[in-house]
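The values are calculated or read from the model by the stated rules, or taken from the named source; none is laboratory data. Worth saying up front: this structure is predicted, and the values here are computed from it rather than measured. Neighbour counts are summed over all protein chains in view; Cβ atoms, including those assigned to glycine, are modelled from backbone coordinates with ideal geometry. To get the accessible areas, we keep the full protein, side chains included, count just its heavy atoms, and leave off ligands, DNA and RNA. Shrake-Rupley method; radii C 1.70, N 1.55, O 1.52, S 1.80 Å.
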Amino acid sequence: QVQLVESGGGLVQAGGSLRLSCAASGSSFSINAMGWYRQVPGKQRELVANIISGGSTNYADVVNGRFTISGDNAKNTVYLQMNSLKPEDTAVYYCNTKVSFAGSRVLYIYWGQGTQVTVSS
């Protein structure tokens, strides 16, 4: 099992910044990818950004240029720096990771509990 602990959500005015953190913990796992998704009521959860082992990153078009994802391999932690926030960025942000366990190529997906980000106009 892998546990994801998120932090850093909150309320911010439009144009402001927030930094989300997500730390993964568990035993004998290797991270294949970590990322952030977001969801608003009535809509599907959508990818915001992710980072693949090796360092390549992917961003949703709507956040590209404003958000930056980074990782600390030693701490099994991923960060999402969110700048120039807009009211439409308001959502619950979920951390996501894909991992494998010792001796296996099977990938398992884990989710954090979610952290609310609210951007006021």
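The residue of segment 8-18 that is farthest from residue 86 (Cα to Cα), among those that are in a strand (DSSP E or B) and in contact with a Leu (Cβ under 7 Å, 6 or more places away or on another chain), is 10.
Within segment 17-45, residues that are touching a residue at least 40 places away in the same chain (Cβ under 8 Å) reach partners that are of a type in the set (Asp, Glu) and open to solvent by 60 Å² or more (accessible area, probe 1.4 Å) with beta carbons closer than 8 Å, at six or more positions or on different chains, in the pairs 37/46; 38/46; 39/46. When the residues of segment 59-96 are filtered to those that are out of contact with any Cys (no Cβ under 8 Å at 6 or more places or on another chain), part of a strand (DSSP E or B) and within 18 Å of residue 1 (Cβ to Cβ), the one that is least open to solvent (accessible area, probe 1.4 Å) is 96.
Just name the residue that is surrounded by the most Cβ atoms within 10 Å (Cβ to Cβ) out of those in segment 100-117 that are of a type in the set (S, T, N, Q) and part of a strand (DSSP E or B). Looking at residues that are of a type in the set (S, T, N, Q) and part of a strand (DSSP E or B), I get 115. Screening residue 42 with (1) at pLDDT 95 or above; (2) touching a strand residue (DSSP E or B) at 6+ places or on another chain (Cβ under 9 Å) gives one miss only, at (2).
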